[in-house]
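What follows is one structure encoded as structure tokens, with my remarks underneath.
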Amino acid sequence: MKAQGPRMTLPTQLVLRALLADPGQEMYGLQICTEAGLPSGTIHPILARLEGLDWLESRWEDSASAHAEGRPRRRYYQLT
């Protein structure tokens, strides 16, 4: 049985606020870190919990796009 919702800690609220700024837009991890003002080690467990609760969905970008820009692939998150 899934929990009713995530613990609403301040970091969780900051992540949700960043995602709610434009709910229809996908954001990748570094964007969320910047908008929330939190380090990646803090946001990624929050994103995993929110995805496990079906509040978010994620997808990996096409590797050709990332390769063309000379960077690692990004994982995009969007509110469900």
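The values are calculated or read from the model by the stated rules, or taken from the named source; none is laboratory data. The model shown is predicted, which means the values in this text are computed figures rather than measured ones. Here Cβ is always computed from backbone atoms with ideal geometry, including for glycine, and neighbour counts include all displayed protein chains. Heavy atoms of the whole protein, side chains included, go into the accessibility calculation; ligands, DNA and RNA do not. Shrake-Rupley method; radii C 1.70, N 1.55, O 1.52, S 1.80 Å.
Determine ³J(HN,Hα), in whole Hz, for all residues of segment 7-14 in sequence, where each value follows from phi through the Karplus function 6.51 cos²θ - 1.76 cosθ + 1.60 and θ = phi - 60°; x replaces Gly and Pro.
Using θ = phi - 60°, the values come out as 5, 8, 6, 4, x, 5, 5, 5 Hz.
Whats the longest run of the chain with zero trypsin sites (Lys or Arg not before Pro) that are DSSP loop and have at most 12 other Cβ atoms within 10 Å?
On the way: sites that count: Lys2, Arg7.
Result for the longest clean stretch: 8-80.
Just how much of Glu35 is accessible, in Å², when a 1.4 Å probe is used and the result is rounded to the nearest 10?
130 Å²
Taking only protein heavy atoms and a 1.4 Å probe, what accessible area per residue, in Å², does the chain have with all protein chains in place?
Details: 5150 Å² over 80 residues.
It amounts to 64 Å² per residue over the chain.
With only Lys, Arg, Asp and Glu charged, each at its Cβ (+1 for the first two, -1 for the last two), find how big the charge dipole of the chain is about the Cα centre; round to the nearest 20 debye. Spell out each step's value before the answer.
Working: 9 positive and 9 negative charges, 60 e Å.
I would put it at about 280 debye.
At a 1.4 Å probe, what is the % contribution of carbon and sulfur to the accessible area of the chain?
Numbers: 2750 of 5150 Å².
Solvent-exposed carbon and sulfur of the chain make up 53 percent of the total.
Tell me the accessible surface of Leu14 in square angstrom (1.4 angstrom probe, heavy atoms of protein chains only), to the nearest ten.
It works out to around 40 Å².
Starting from the amide H of Arg74, placed 1.01 Å from N in the peptide plane, find each other amide H under 5 Å away whose residue is 5 or more places distant or on another chain.
Those qualifying (amide H under 5 Å, at least 5 residues apart or on another chain) are Glu61.
Expressed in nm to one decimal, what extension gain is obtained for the pair Ala68 and Gln31 from 0.36 nm per residue of sequence separation less their Cα-Cα distance?
Details: separation 37, 0.36 × 37 = 13.32 nm, distance 1.98 nm.
Using 0.36 nm per residue and subtracting the Cα-Cα distance, I get 11.3 nm.
Give the value in nm², to one decimal: projected area of the alpha carbon convex hull of the chain, averaged over all directions. Show your work: numbers first, answer last.
Details: hull surface 22.6 nm².
Computing the convex hull of the Cα atoms and averaging its projections yields 5.7 nm².
Could you pull the accessible area for Asp62 with a 1.4 Å probe, rounded to 10 Å²?
Its accessible surface works out to 90 Å², give or take rounding.
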